[in-house]
Amino acid sequence: MINQEMFGNATKTKAKTSTKKRSQIKSIWFRYRKNKLAMFGLILLGIMIFCSIFANHFADYEADAVSQNMNARLLPPDSEHIFGTDQYGRDMFARILFGSRISLSVGLATVAFSLTVGALIGAAAGYYGGRVDNILMRLMDILLAIPGLVMAIAVVAALGPGLINLMIAMGMARIPQFARVVRSAILSVKGQEYIEAAKACGTKDARIILKHILPNAIGPIIVQATLNMGTAILGISSLSFIGLGIQPPTPEWGSMLSDARSQLRYYPHLVIIPGIAIVLAVMSFNLIGDGLRDALDPRLKN
């Protein structure tokens, strides 16, 4: 009888916790939905993700985006080529579509890498404090003293251009930002009573950090990750523009800008179209990040 009562109480507690989480998610979504600019950014990003996933249904990668056709070079926008063709006869619309795959996937991988490493460093510094905190944060200060783009250029120049090296370079430049955000978030919650109770029960430090601290400090981390997606895409385009990022003929927005520089005077659409794609991608993530910041903090809902 006692076991049945205990089981029933545990089930009720679990159900209440699940209901509370669902209500919190609904409340966050309600506050986010009230921000029209944030909703515009979410819709814009959804359209870009849809186009990148189903790009093969709109164009052929080899025939339209990569293969050169000198008989169709520098054609103006028309019904067959919506955005025209470049100086090598490649369809600009196809290259924009497949370029979105590169920019979004590399940006996501870059943020995931820097978030993972930065979260581990920030969690260790914030949780243990003392000498560990001083050593790790001084290392992060050294990295912060170097401009992110300069560090990325140095890493790519040392390792060589390529997709993996580009992600490593961009990720290393953003590790200190995530480390500081995670550290500050952990410092704000590690003194709570439930953390002290977990320590008193003999819970291991790794479990306390992963199960109790980080989930309760996830709000600032999500906002920082979203905002960093925009800067990561901009950084990837910048490195590709100077020839240290994605190498041709792979379609990438920054390299498309670089290739079209010589045609700017007579064919400005070759520069304007990939430039607009970069602006829209960065703007969408910035709007989403601002909306999440307001939605996750009820004090900023107005």
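Is it the case, given these coordinates, that Phe178 is of a type in the set (Phe, Trp, Tyr), in contact with a Gly (Cβ under 8 Å, 6 or more places away or on another chain) and modelled with pLDDT of 85 or more?
On the way: of a type in the set (Phe, Trp, Tyr): yes; in contact with a Gly (Cβ under 8 Å, 6 or more places away or on another chain): yes; modelled with pLDDT of 85 or more: yes.
Yes, satisfied.
Farther than 24 Å from Leu239 by Cα and touching a residue at least 12 places away in the same chain (Cβ under 8 Å): which single residue out of Leu104, Leu97, Leu74 fits that description? Quick ask: steps written out before the conclusion?
Details: Leu104 fails: farther than 24 Å from Leu239 by Cα; Leu97 fails: farther than 24 Å from Leu239 by Cα.
Going through Leu104, Leu97, Leu74 in turn, just one is farther than 24 Å from Leu239 by Cα and touching a residue at least 12 places away in the same chain (Cβ under 8 Å): Leu74.
Regarding the range 197-206, can at least one residue be identified that is at pLDDT below 80 and buried (at least 18 other Cβ atoms within 10 Å of the Cβ)?
yes
Just name the residue that is nearest to Leu108 (Cα to Cα) out of those in the range 266-302 that are loosely packed, with under 15 Cβ neighbours inside 10 Å and at pLDDT below 85.
Asp297
Look through the range 250-283, keep the residues that are among the aliphatic types (A, V, I, L, M) and not in a helix (DSSP H, G or I), and return whichever of them is farthest from Gly162 (Cα to Cα). Talk me through it step by step, then tell me what you get.
Looking only at the range 250-283, we keep the residues that are among the aliphatic types (A, V, I, L, M), and these are 256-257, 260, 264, 270-273, 276-283.
This time we only want the ones that are not in a helix (DSSP H, G or I), so: 260, 264.
Values: Ala260: 21, Leu264: 27 Å.
Among them, the one singled out is Leu264.
Look through the range 29-53, keep the residues that are surrounded by 14 or more Cβ atoms within 10 Å (Cβ to Cβ) and aromatic (Phe, Trp, Tyr), and return whichever of them is farthest from Arg293 (Cα to Cα).
Applying the filter and picking the extreme gives Phe40.
Taking the conditions exactly as written (at pLDDT 80 or above, among the polar types (S, T, N, Q) and either over 24 Å from the mean Cα position of the chain (by Cα) or buried (at least 18 other Cβ atoms within 10 Å of the Cβ) (or both)), does Ser184 satisfy them or not? Let's see the steps before the verdict.
Numbers: at pLDDT 80 or above: yes; among the polar types (S, T, N, Q): yes; either over 24 Å from the mean Cα position of the chain (by Cα) or buried (at least 18 other Cβ atoms within 10 Å of the Cβ) (or both): no.
Against the criterion (at pLDDT 80 or above, among the polar types (S, T, N, Q) and either over 24 Å from the mean Cα position of the chain (by Cα) or buried (at least 18 other Cβ atoms within 10 Å of the Cβ) (or both)), Ser184 does not qualify.
Taking Ile246 and the conditions (1) assigned to a helix (DSSP H, G or I); (2) β-branched (Val, Ile, Thr); (3) modelled with pLDDT under 85, which numbered condition does it fall short on, given that it satisfies the others?
Against the list (1) assigned to a helix (DSSP H, G or I); (2) β-branched (Val, Ile, Thr); (3) modelled with pLDDT under 85, Ile246 comes up short only on (1).
Go through (1) out of contact with any Leu (no Cβ under 8 Å at 6 or more places or on another chain); (2) in a helix (DSSP H, G or I) and name the single condition Ala157 misses.
The single condition Ala157 does not satisfy is (1).
Could you check how many residues of the range 226-250 are without any contact (Cβ under 8 Å) to a residue 24 or more places away in the chain and touching a Pro at 6+ places or on another chain (Cβ under 6 Å)?
Total meeting the criteria: 0.
Which of the residues spanning the range 89-115 are in a loop (DSSP other than H, G, I, E, B) and either touching a Ser or Thr at 6+ places or on another chain (Cβ under 6 Å) or at pLDDT below 90 (or both)? Step through it out loud before you land on a result.
Taking the range 89-115 first, the residues in a loop (DSSP other than H, G, I, E, B) are 89-90.
Result: Gly89, single match.
The values are calculated or read from the model by the stated rules, or taken from the named source; none is laboratory data. Values in this document were obtained by computation on a predicted structure and should not be read as measured data. Note that each Cβ is placed from the backbone with ideal geometry, even for glycine, and that neighbours are counted across all protein chains shown.
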